[in-house]
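Following: one structure in structure tokens, then a few remarks.
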Amino acid sequence: MARREREPSTLMETVSRLRESYDTRLSVISESIGGLKARLDELEQIFSELKGASKEAIDFLKETRPQVLLLNMKKLEMEIEEIKGRLKVDEEALAELGRDLREVKQMVGEFKGIEELLELAREIREDIRAVEELRKETEKHADKIEAIFVDIHRKTREIKELSTYLEGLRELVRDIEKRVARLEVSRKRK
């Protein structure tokens, strides 16, 4: 009889320990989600800066009128918008996952059997994997955006160098025209 009294008590202690363990894990997951949200906010700021830089680059390209570079810039802008859209979807998925995790945390308090707790642990592991995949995807998008920004910066610098070179050629042509005009005048005088 003493053994039967100990079994429910032991079972309750085990369930209590499992609940504490899951509460701790869920808190860690929630903190991770908060970190991901902060990273997404940083990425949005980077996008905003990148959008401003791309607008400046487009304005510069319109002034110099190199049609090929203009088409490339438009393609890059479309890619940036597409990536921004994907990041927004990822952020919404993270928010939904956060809500789901809060619901799961409430459900843990209501579970009465060990089998249900084990099933919940499996689902939480899947959720953690999903969050990790989202984090990796977000980092991949951030790296792509950074590469696009570097490429835009490099192309803008090349265009400025080309403009400087063209201005130098214009000056040289003007000089040559003046010399030719002087030679023609001196030839006519002779």
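Data overview
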{"item": "Selection count where residues are surrounded by fewer than 12 Cβ atoms within 10 Å (Cβ to Cβ) and not basic (K, R), scope the stretch 11-26", "result": "5"}
{"item": "Some residue of the stretch 67-88 being under 30 Å from V104 (Cβ atoms), exposed (fewer than 11 other Cβ atoms within 10 Å of the Cβ) and either out of contact with any Gly (no Cβ under 7 Å at 6 or more places or on another chain) or at pLDDT below 80 (or both)", "result": "yes"}
{"item": "Residue that is surrounded by the fewest Cβ atoms within 10 Å (Cβ to Cβ), among those in the stretch 50-66 that are under 18 Å from E82 (Cβ atoms) and at pLDDT 75 or above", "result": "K55"}
{"item": "Number of the condition not met by L134 [criteria: (1) crowded, with 17+ Cβ neighbours inside 10 Å; (2) without any contact (Cβ under 8 Å) to a residue 24 or more places away in the chain]", "result": "(2)"}
{"item": "Residue that is modelled with the highest pLDDT [pool: residues in the stretch 137-160 that are buried (at least 16 other Cβ atoms within 10 Å of the Cβ) and under 10 Å from the mean Cα position of the chain (by Cα)]", "result": "T138"}
{"item": "Only listed residue being more than 20 Å from K88 (Cβ to Cβ), modelled with pLDDT of 85 or more and among the hydroxyl-bearing types (S, T, Y), chosen from S163, S186", "result": "S163"}
{"item": "Test: K160 is under 28 Å from G85 (Cα atoms) and assigned to a helix (DSSP H, G or I)", "result": "no"}
{"item": "Test for E123: is it within 30 Å of L70 (Cβ to Cβ) and in a helix (DSSP H, G or I)", "result": "no"}
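The values are calculated or read from the model by the stated rules, or taken from the named source; none is laboratory data. Nothing here was measured: the structure is a model prediction, and the numbers come from that model. Quick reminder, even Gly has a Cβ in these numbers, built from the backbone with ideal geometry, and neighbours come from all protein chains shown.
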